[in-house]
Structures are given as C-alpha cells and as structure tokens.
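Structure first, then comments.
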Amino acid sequence: MSGSQRAVPFYCPYCGEEDLRPAEQTEKVPQGAWYCADCLRTFTVKMIGIGVPEVTRS
C-alpha cells in the first residue's frame, strides 16, 4: 500500500458503529485519518506488518 492510499476500516474501533468518513487533513489531523459520526472520534489505521512475530524462548 502506497502512502496515498487509505486502509479502510469497516467499523469504529471505539464504538463499533459503521458511519465512518475520511477526515480532512489539518495541522492536528494526519493524512489517512477517519472520522466516526456516531462517537465523534477521529482515528487512524496503521499497518504494523504481515505474519507471525518471532518468539524467543529462554
């Protein structure tokens, strides 16, 4: 995924509702943020990686 594409959430991670809209980028709101019209929160979705992390055993 390039920096210009958005990861599209299907529901708000805070309230679970589905009325999400892309948030306008401002000084305080980063690019790719989403706004939930139900709980009035703005959030981002960030990809951390793919696969299972390595586990070290002592």
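Annotations
- Residue match in the range 14-28 (condition: surrounded by 10 or more Cβ atoms within 10 Å (Cβ to Cβ), at pLDDT 95 or above and in contact with a Ser or Thr (Cβ under 8 Å, 6 or more places away or on another chain)): yes
- Going through (1) modelled with pLDDT of 95 or more; (2) of a type in the set (D, E, K, R); (3) exposed (fewer than 12 other Cβ atoms within 10 Å of the Cβ) one by one, Arg57 falls short only on (1).
The values are calculated or read from the model by the stated rules, or taken from the named source; none is laboratory data. The shown structure was predicted, so the numbers you read here are calculated from the model rather than taken from an experiment. Cβ coordinates were reconstructed from backbone atoms using ideal geometry, including for glycine residues, and neighbour counts include every protein chain displayed.
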